[in-house]
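Sending over a structure as structure tokens; questions will come in a sec.
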Amino acid sequence: MQVTRAGEYAIIGLSYLAKQPVNSVVMIDEISETEGIPKSFLAKIFQSLAKSGIVRSNRGAGGGFSLAKPANNITLLQVLQCVEGVFALQKCVSEDPECVVSTTRMSSCALCAVFGEAQTRVNEVFARTTLADLLNPKTPVTPNGEAPAPVG
């Protein structure tokens, strides 16, 4: 499983909205320019987010987008599932499970059990992390996913 560029852009765009004053309406052009995201791609992503009730779309003069609910009520799992659909680490833990090795192994494969546990934990992390959490990170993380070594 890999979060696509669409998923990352959705989170970046929503984080930008979360930084604005409550009930602010922001044009897609502003988000696109500030965050360096292609405007047409971001507009398509935000249409999906609006359909699922994560953002509110305001048309006409003074139109744009705003969060439909507080940032602390929007989880990364909700955003990613909206944009990416349900994602799985491996086919055996997907919505339509299938063993990539053999159809007879599905009920007894120890590796599928490990993938299942890992999938559950990944979903738990995304489900407990909100947009508000991203605005105030508690621990910086390096690109390899580890906390940086203490200085001194």
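Being open to solvent by less than 60 Å² (accessible area, probe 1.4 Å), over 19 Å from Ala132 (Cβ atoms) and part of a helix (DSSP H, G or I) is the filter here; which residues of region 47-71 pass it?
Those that are open to solvent by less than 60 Å² (accessible area, probe 1.4 Å), over 19 Å from Ala132 (Cβ atoms) and part of a helix (DSSP H, G or I): Ser48, Ala50.
Could you check, for region 18-41, whether at least one of its residues is in contact (Cβ under 8 Å) with a residue 60 or more places away in the chain and not basic (Lys, Arg)?
Yes.
What is the one condition in (1) modelled with pLDDT of 95 or more; (2) under 17 Å from Gly85 (Cα atoms); (3) surrounded by 15 or more Cβ atoms within 10 Å (Cβ to Cβ) that Val3 does not satisfy?
All conditions pass for Val3, except number (1).
Would you mind stating whether Val114 is outside any helix (DSSP H, G or I) and modelled with pLDDT under 90?
No; evaluated as a whole, the condition is false for this residue.
Has region 72-82 got at least one residue that is modelled with pLDDT of 95 or more, part of a loop (DSSP other than H, G, I, E, B) and open to solvent by less than 40 Å² (accessible area, probe 1.4 Å)?
Yes, that holds for at least one residue.
The values are calculated or read from the model by the stated rules, or taken from the named source; none is laboratory data. Keep in mind that what you see is a predicted model, and the values were worked out from it rather than measured. All Cβ positions, glycine included, derive from the backbone under ideal geometry; neighbour counts span all protein chains shown. To get the accessible areas, we keep the full protein, side chains included, count just its heavy atoms, and leave off ligands, DNA and RNA. Shrake-Rupley method; radii C 1.70, N 1.55, O 1.52, S 1.80 Å.
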